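Below: one structure, written as structure tokens.
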Amino acid sequence: MQTLTVELGDRAYPIHIGQNLLARADLILPHLKRKQVAIVSNTTVAPLYLEKLAEPLREAGVEVIPIELPDGEQYKNAETLNIIYDALLTQRCERSTTLIALGGGVVGDMCGFAAATFLRGVPFIQIPTTLLAQVDSSVGGKTGINHPLGKNMIGAFYQPQLVLADTETLNTLPERELSAGIAEVIKYGLIRDHAFFDWLETNMTKLMVCDPDALAYAIQRSCENKAEVVAADEKESGERALLNLGHTFGHAIENGMGYGAWLHGEAVAAGTMLAARMSQRMGWLKAAEVARITRIFKAAGLPVDAPALGVEKYLDLMSLDKKVADGKIRLVLLHGIGKAIITGEYPPEKLTETLAAIA
Ligand code: NAD
Ligand code: GLY
């Protein structure tokens, strides 16, 4: 087991990464204020893993309240959130009850938001079971739900007490979901870690067949990058915004195509390609670098071409992004591989030309 720390002073917390961690009640018990937990999961993950987590906790005298949500991005909304509140209230949970998110980013974001808001805040633990959640969403405390008008528009920064990434859970993950997770892994290489990008180019074949050592390194290096960024800029007043490379375009794709049609990681990959092509139009990225980025996404089984929603629709959806400031769509763009910037200062035609070039 590897342990990293998200350095946030008195709110610092560990990320444990390794095999067979679900059954390690000993890692969870020290974080509980009271021997009562509510495990929030979904209809896919609960039958696979809930008992593996719950049984050792029960044996240690912990009361376990299971809460099962419907599965899918289309359910990441206020109605589903209410299922969590209803269960917590019905079971008379208290401020010292710990919520545990067991699942991918959708469950993690919703459970985290429920924890941030139930009784004005209860402790929570992230147990991510997708690659995407293990390398990104479970770390850093962004929680929330979608609104019909915009993705992740309602939420809170609320840090977990602990992240437990059991890499064995990835054995049951569908291939398409594995690829979606790799999109966020590639992101770290592109925005701030050239050496990791080089490593990913060399090791993509191993990652695609779930080679345990390659996966463990990719998760560890991603979490190290994420933990550093979050420690430096928890509330996204600067550097953290760079983690949104491809996301402004990507969220427009997810919303425009209907939540759930494109996986988040797929939309991020196609969105990152748009950011790369726009960076090339700005003269900041060479054609050879765009070609490298295209190749690595293709090798990861990810889409490199965004859907043709039309320029107007893209602009409309992108104008609802959280990074919009003074009415300007601010974008994360690349100044070479391993170096990202965020800017609203670009000629607007560079954006419209990039969007118009979508076939
Ligand atoms: P997801 O949560 O929808 O999970 C993908 C699918 O895999 C689901 O059907 C899920 O039930 C299933 N699944 C989960 N674990 C499994 C396992 N071990 N075996 C088999 N099936 C399993 O999607 P995701 O890609 O994990 O997360 C995407 C979400 O995360 C988006 O809503 C995105 O906005 C959010 N996100 C949040 C942050 C953040 O910082 N909070 C960062 C990135 C993404
Ligand atoms: N996934 C972007 C962030 O956590 O800031």
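The values are calculated or read from the model by the stated rules, or taken from the named source; none is laboratory data. In this text, all values refer to a predicted model and were calculated from it rather than measured experimentally. Every residue, glycine as well, gets a Cβ built from its backbone with ideal geometry; the counts of neighbours run over all protein chains shown.
Numerical summary
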{"quantity": "Looking only at region 271-309, and only at residues there that are of a type in the set (A, V, I, L, M) and closer than 24 Å to residue 107 by Cβ, the one that is surrounded by the fewest Cβ atoms within 10 Å (Cβ to Cβ)", "calculated": "300"}
{"quantity": "Residue that is surrounded by the most Cβ atoms within 10 Å (Cβ to Cβ), among those in region 246-263 that are within 12 Å of ligand 1 (Cβ to nearest atom) and not in a helix (DSSP H, G or I)", "calculated": "246"}
{"quantity": "Hey, residue 271 part of a helix (DSSP H, G or I), in contact with a Gly (Cβ under 8 Å, 6 or more places away or on another chain), more than 25 Å from residue 3 (Cα to Cα) and in contact (Cβ under 8 Å) with a residue 60 or more places away in the chain or not", "calculated": "no"}
{"quantity": "Residue 185 vs. criteria of a type outside the set (Phe, Trp, Tyr) and free of Cβ contacts under 8 Å to residues at least 40 places away in the same chain", "calculated": "no"}
{"quantity": "The listed residue being surrounded by fewer than 19 Cβ atoms within 10 Å (Cβ to Cβ), free of Cβ contacts under 8 Å to residues at least 60 places away in the same chain and either under 17 Å from residue 46 (Cβ atoms) or within 13 Å of ligand 2 (Cβ to nearest atom) (or both), out of 174, 128", "calculated": "174"}
{"quantity": "Condition met for residue 313 (surrounded by fewer than 22 Cβ atoms within 10 Å (Cβ to Cβ) and either assigned to a helix (DSSP H, G or I) or hydrophobic (A, V, I, L, M, F, W, C) (or both))", "calculated": "yes"}
{"quantity": "Verdict on residue 163 being part of a helix (DSSP H, G or I) and touching a Ser or Thr at 6+ places or on another chain (Cβ under 6 Å)", "calculated": "no"}
{"quantity": "Residue that is more than 21 Å from the chain's Cα centre (by Cα), part of a helix (DSSP H, G or I) and modelled with pLDDT of 95 or more, where the choices are 289, 266", "calculated": "289"}
{"quantity": "Odd one out for residue 230 among (1) modelled with pLDDT of 95 or more; (2) surrounded by fewer than 21 Cβ atoms within 10 Å (Cβ to Cβ)", "calculated": "(2)"}
{"quantity": "Any pair with Cβ under 7 angstrom, 6 or more apart, that starts in region 105-125 at a residue that is farther than 15 Å from residue 37 by Cβ and ends at one that is part of a helix (DSSP H, G or I) and among the charged types (D, E, K, R)", "calculated": "106/73"}
{"quantity": "Enumeration of residues in region 292-336 that are among the basic types (Lys, Arg), within 23 Å of the chain's Cα centre (by Cα) and more than 22 Å from residue 147 (Cα to Cα)", "calculated": "295, 298"}
{"quantity": "Residue list for region 87-110, restricted to those being hydrophobic (A, V, I, L, M, F, W, C), farther than 23 Å from residue 220 by Cβ and more than 16 Å from ligand 2 (Cβ to nearest atom)", "calculated": "87, 88, 89, 93, 99"}
{"quantity": "Residue within region 133-154 that is part of a loop (DSSP other than H, G, I, E, B), more than 12 Å from the chain's Cα centre (by Cα) and either modelled with pLDDT under 95 or buried (at least 19 other Cβ atoms within 10 Å of the Cβ) (or both) present", "calculated": "yes"}
{"quantity": "Test: residue in region 103-111 that is crowded, with 24+ Cβ neighbours inside 10 Å, away from ligand 1 (no atom under 12 Å from the Cβ) and among the hydrophobic types (A, V, I, L, M, F, W, C)", "calculated": "no"}
{"quantity": "Given (1) more than 6 Å from ligand 1 (Cβ to nearest atom); (2) of a type in the set (D, E, K, R); (3) crowded, with 21+ Cβ neighbours inside 10 Å, number of the condition residue 120 does not satisfy", "calculated": "(3)"}
{"quantity": "Condition met for residue 139 (within 16 Å of ligand 2 (Cβ to nearest atom) and either touching a Ser or Thr at 6+ places or on another chain (Cβ under 7 Å) or in contact (Cβ under 8 Å) with a residue 40 or more places away in the chain (or both))", "calculated": "yes"}
{"quantity": "Pair list, Cβ < 7 Å and 6+ apart or interchain, from region 292-307 residues that are touching a residue at least 60 places away in the same chain (Cβ under 8 Å) and under 19 Å from residue 254 (Cα atoms) to residues that are surrounded by 17 or more Cβ atoms within 10 Å (Cβ to Cβ) and hydroxyl-bearing (Ser, Thr, Tyr)", "calculated": "301/179; 302/179"}
{"quantity": "Test result for residue 336, crowded, with 23+ Cβ neighbours inside 10 Å, within 25 Å of residue 225 (Cβ to Cβ) and touching a residue at least 12 places away in the same chain (Cβ under 8 Å)", "calculated": "no"}
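One line per residue, one yes/no per condition, for (1) within 11 Å of ligand 1 (Cβ to nearest atom); (2) of a type in the set (Asp, Glu):
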| residue | (1), (2) |
| --- | --- |
| 139 | yes, no |
| 144 | yes, no |
| 147 | no, no |
| 151 | yes, no |
| 166 | yes, yes |
| 169 | yes, no |
| 179 | yes, no |
